[in-house]
Structures are given as structure tokens and as C-alpha cells.
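The values are calculated or read from the model by the stated rules, or taken from the named source; none is laboratory data. Note that the structure is predicted; figures quoted are calculated from it, not measured. Ligands, DNA and RNA are stripped out before the accessible areas are found, and what is left, the full protein with its side chains, is counted by its heavy atoms. Shrake-Rupley method; radii C 1.70, N 1.55, O 1.52, S 1.80 Å.
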Amino acid sequence: MSSPTGPASGLPVRMPRPRQPGRHRRPEPLVAPEGAPALVLAVPGTPSSATRGLADEAISIARSELPGLDARIGHLDGDDDAEFPSLTSVLVRTAEERTARFEQARAAGLDVKEPEGPVAVVVPLLAGPDNALLRRIRQAVMDSRIAAELTDVLGPHPLLAEALHVRLSEAGLARADRARLFTVATAADGIILASVGGDEAVQAAGITGMLLAARLAVPVIAAALDEEGSIASVAEQLRSSGSQQLALAPYLIGPEIEASVLEEAAKEAGCSTAEPLGPYPAIGKLALAKYTTALGISPQQAQGAPVR
């Protein structure tokens with residue numbers, strides 16, 4: 001906490017700006033608390049410039065929503081190089097830099113202690129649960145031997161239904177705007193929502209699928225890309241119920257599966273496919289929401305109070 005004469009902890013504290021008076025004042029923007037843990041985005045899949053760019057975009061959105069946020073990227077299949085660092089090495093470096101900052105403060109004569117709680121909050125870059133990937137992320141966190149908290153995956157969430165709608169409309173497979181109700185000649189009358197991670201992932205995707213179905217007014221059924229015959233079975237189910245023009249909507253951020261798998265699944269089902277969710281702005285916002293929820297940060301804390 002801070003006082004008129006300075007921070008009680010001995011460390012500089014970002015002071016909140018005075019609130020503007022009046023009924024129509026702007027809401028005060030949130031600011032990352034001093035000493036808050038880092039947000040570390042755990043990115044699955046083979047590291048590449050495209051994957052890094054996607055993660056960078058998500059991090060950029062999170063930082064724009066919470067200025068001062070210490071946000072970093074760790075690749076599940078990365079190594080110790082500067083371009084694609086592994087999740088474990090990023091966590092170790094985060095802890096080392098945090099300790100160094102406090103040692104420098106103490107060397108400068110400040111009476112400070114490192115805050116209690118996690119050094120980092122790890123957010124998996126996954127739309128739905130994939131137990132195999134989550135086990136690997138959890139193991140990478142354990143291998144770092146630092147105090148870190150692992151959050152849930154990003155979905156299900158209404159913002160992901162919105163993102164799916166946008167990707168379908170970009171591919172010409174759905175109306176872009178429900179209010180205008182203009183005709184799209186290639187619009188699908190049945191959607192296969194493709195997930196990875198087995199039955200649990202299909203069930204989670206189905207929740208977002210119901211929200212997407214409400215937006216598009218067409219049936220949406222989730223299926224597993226990593227289960228042989230699942231996509232073709234759902235395609236047959238939709239056709240038998242009257243849908244003739246199907247579309248495959250990947251319930252994926254992108255890095256967690258090879259693009260060729262989606263292409264083969266669409267070919268198997270005899271339908272067109274939209275792009276994965278990718279760097280849609282909702283991804284960064286949901287990652288930040290997982291971070292703030294994990295820390296229990298209130299608006300008052302996010303405007304300058306340290307996390308303890």
C-alpha cells in the first residue's frame with residue numbers, strides 16, 4: 001500500500017490517478033499491481049514464426065487491457081533459444097529476474113520482501129481441455145521448481161462462439177451480421193465443431209456450440225478430430241437430419257494441431273472449413289481473464305495495490 005510519504009513496503013508503487021467527478025466520468029482503467037506475478041502463455045505445438053506471431057498478438061491484447069502487465073510466452077515444445085524458449089526456461093527466468101529486482105532494491109537500502117504467492121500464472125493457449133497437452137504443461141511447470149499457478153483453458157465462453165462466427169463468415173460460410181440478415185449463397189446449414197482432446201473436449205466444445213447455434217440458427221454438433229470416424233459420423237448425422245451444406249468450424253486456437261489434419265477432416269466430411277480461431281482479440285482477453293481470476297484481482301487492487 002502507499003501513503004503520502006511513499007510506499008509502505010519500500011518499493012515504488014504506481015499511484016492511481018484522481019477520479020474525475022461527475023456522472024459521466026470515464027471508468028478508471030485497470031493497471032497491473034506492483035509485484036504481481038507474470039502471465040505466462042503456454043503455447044502448444046511445433047514452434048514457428050506463425051505460432052509466435054499468434055501468441056504475440058494474444059499477449060499484446062492482454063497488455064492493452066491491463067497496462068503494466070508482465071506477460072511472457074513459453075513454448076511447450078520449445079528449447080532454450082531466444083526465439084522459441086521452452087515453458088520451463090521462461091518460468092525459471094521469470095523467477096530469477098523477480099529475485100534480482102528485489103535484491104537490487106535491498107542493495108539500494110530499501111527494506112523490502114518478495115511478495116507471497118505465485119511468481120507466475122500459466123495460462124494454456126487452448127480453447128478446450130486436452131488432457132495430454134495439459135499434463136505436459138503441468139509437468140513443465142513442475143520442472144521449473146518455482147511457485148506458479150496453472151489456470152483452466154480458455155473455453156467454453158460466449159466470446160469463443162463469437163470468434164467462431166467471425167471465422168465462418170470470413171470463409172463465406174455464415175452471415176456476418178445477424179441483424180441485417182443478408183443472404184450468403186454458400187452459408188452452411190449445419191456446422192461440425194471440430195475439437196481435440198477426446199470426449200471431454202467434445203463435451204466442452206458442445207457448450208460453445210450451443211451458443212454458436214443460437215447465433216446462426218443452424219444445428220451445430222461437436223466432434224473429435226483425434227478420434228477416427230468422429231467427424232464423418234457427425235457429418236452423416238447432420239445430413240440425415242436435413243442439413244445439406246455443411247461446414248467445419250475448428251474449435252482450436254491453431255498451434256495445437258497440424259493444418260493437414262483439418263484439411264483431411266474436411267475432405268472426409270465432404271465440406272468446407274473455416275480457419276482456426278487464431279489471433280482473434282477474444283483470445284487475449286480470455287487469457288487475461290484467466291490471469292485476473294486466478295489472482296482474485298479487484299479493480300481497486302489493479303490500480304496500484306500490491307498483490308500479497
Which residues qualify? For Leu41, with a placed amide H closer than 5 Å and at least 5 residues away or on another chain, they are Arg72, Ile73, Gly74, Val123
With every protein chain in place, what's the accessible area of Lys267 (1.4 Å probe, Å², nearest 10)?
-> 150
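For the range 106-167, what does the alpha-carbon gyration tensor say about shape, rounded, prolate or oblate, given a ≥ b ≥ c as the root eigenvalues, a/c under 1.5 as rounded, and a/b over b/c as prolate?
Numbers: a/c = 4.42, a/b = 1.99, b/c = 2.22.
Note, shape of the range 106-167 comes out oblate.
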Please work out, to two decimal places, the log10 of the ratio I(q)/I(0) at q = 0.14 Å⁻¹ from a Debye calculation in which every Cα of the range 197-308 carries one identical scatterer.
-> -0.67
Which order do Ser240, Ser272, Ser89 take by accessible area at a 1.4 Å probe, largest first?
-> Ser240, Ser272, Ser89
With x for Gly and Pro, the residue-by-residue ³J(HN,Hα) of the range 46-57, computed from phi through the Karplus equation 6.51 cos²θ - 1.76 cosθ + 1.60 at θ = phi - 60° and given in whole Hz, is 5, x, 7, 5, 5, 5, 5, x, 4, 5, 4, 5
Tell me which aspartates and glutamates have Cα within less than 12 Å of Lys113's Cα, excluding those fewer than 8 residues away on the same chain?
-> Glu103
